[in-house]
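Right, one structure below, let's go through it.
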């Protein structure tokens, strides 16, 4: 496995800090640079602020340790941003990208259908389509497609062959319907007991985007099916997630999936109108009945960027500047941007009664999406 030399990493960080960005003090470029520095620091600190740690009682679950850790999905998200940033930083993040790609490869499930699970050591939790989609995206973008295709094929086959729902979406959990191993039988029990079944908008959108990167021609039938699901699942041209807080994440992911697969432009236009019209007076976006946050603002801006790029529509600079100033004012030199609720895990779905919402949030994840958004608007500025 590829390893990064510590001395080399220090030099790499210094070089990034010395890049000659705009002389203007407050710009998308400078916010982007700040965000990248925070993400690099988190990488060298072992992602201590990124891991999702949850208790699973040994009296109930077949676990060797009560506290289970998960960081696969989060690190795949951050790797995606490192890949974006690398295009601005003249390939100076190659070492980090290779290291993270290798980590994801080694973190896969080694038995059954393979794939990736949110808590990799929790036997009751199946591999899922959301993790699979995110890993496919970043490994293909990292240049590992040829080496990792074999890791994707079996879980994709199970997802599309055994999991299609009547609503034209797919189950989020990747478990074969027949000839199940003992572990897959255990996972099926827990899907029906706790995790829940059904097509999740946020997951289907992520899978659709992954297919556009992986092999859009071979999966044209599945893409058409998934787009039909997206068109029929919006609520006044916004998409509310199952596994994430608010509408901005689901709407951003849905817009991105539709645009990447040359989907319905009218739906995209109405979706971006929803995002634009839901901005607060301070230039930010918020969860329902809450104040504006950096995370919700970054997600909305990413959706607006994807939509307007696809539609060929320019964003008004004065309008956009208010959102940039909002993010600038939320920035803290030590923490970066603030932690905000991101992942929501509804417990009790199979019974139809949600009795608990388990929450994950991390300042690193907020930094990740803000950095990603800033990089997009650097590109927009450069195109002028």
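A few remarks follow.
- The long axis of helix 363-383 is offset from the longest Cα principal axis of the chain by roughly 50 degrees.
- Springs join every pair of Cα atoms under 10 Å in this Gaussian network model of the chain, and among 343, 255, 313 the largest mean-square fluctuation is at 313.
- Residues 156, 151, 208 in ascending order of nearby Cβ atoms (within 10 Å, fewest first): 151, 156, 208.
- FRET efficiency, residue 351 to residue 180 (Cβ-Cβ, R0 25 Å, nearest 0.05): 0.65
- With neighbour counts taken as other beta-carbon atoms within 10 Å, the residues 259, 374 rank, fewest first, as 259, 374.
- Placing a label point 7 Å from the Cα of residue 325 along the Cα-to-Cβ direction, the residues of the range 270-309 with a backbone N closer than 16 Å are 280-285.
- Taking the C-alpha atoms only, the angle from helix 317-330 to the longest principal axis of the chain is near 70 degrees.
- With each label modelled as a point 7 angstrom along the Cα→C-beta vector, the residue 334-residue 317 pair spans 3.7 nm.
- Sorting 331-339, 219-227 by average packing, meaning the other beta carbons within 10 Å per residue, from highest down gives 219-227, 331-339.
- Choice from 111, 42, 184 with maximal GNM fluctuation in the chain (Cα, 10 Å cutoff): 111
- Using a cutoff of 8 angstrom between alpha carbon atoms and counting only pairs six or more residues apart, the relative contact order for the chain works out to 17 percent.
- Residue 45 paired with residue 277, simple spin-label distance in nm, labels 7 Å along Cα-to-beta-carbon: 4.1
- Neighbour counts of other Cβ atoms within 10 Å put 28, 319 in the fewest-to-most order 319, 28.
- At R0 = 51 Å, FRET efficiency that the Cβ-Cβ distance of residue 228 and residue 91 yields, to 0.05: 0.85
- Helix 28-44 vs. the chain, principal-axis angle (Cα, 0 to 90°, nearest 10): 40
- Efficiency of FRET from Cβ geometry, residue 309 and residue 193, R₀ 45 Å, rounded to 0.05: 0.55
- Radius, Kirkwood style, for the chain when every pair of distinct Cα atoms is counted (Å): 21.4
- Sum of -39500 (n - 2.57) over DSSP H runs of 4+, divided by residues of the chain (222 nm, nearest 500): -17500 deg cm²/dmol
- Residue of 276, 78, 365 that the Gaussian network model of the chain assigns the largest fluctuation, springs spanning Cα pairs under 10 Å: 276
Each value in this text was obtained by applying a stated rule to the coordinates, not by laboratory testing. A quick note: this is a predicted structure, and the numbers were derived from the prediction, not measured. FYI the Cβ positions are ideal-geometry reconstructions off the backbone, even for glycines, and counts take in every protein chain you see.
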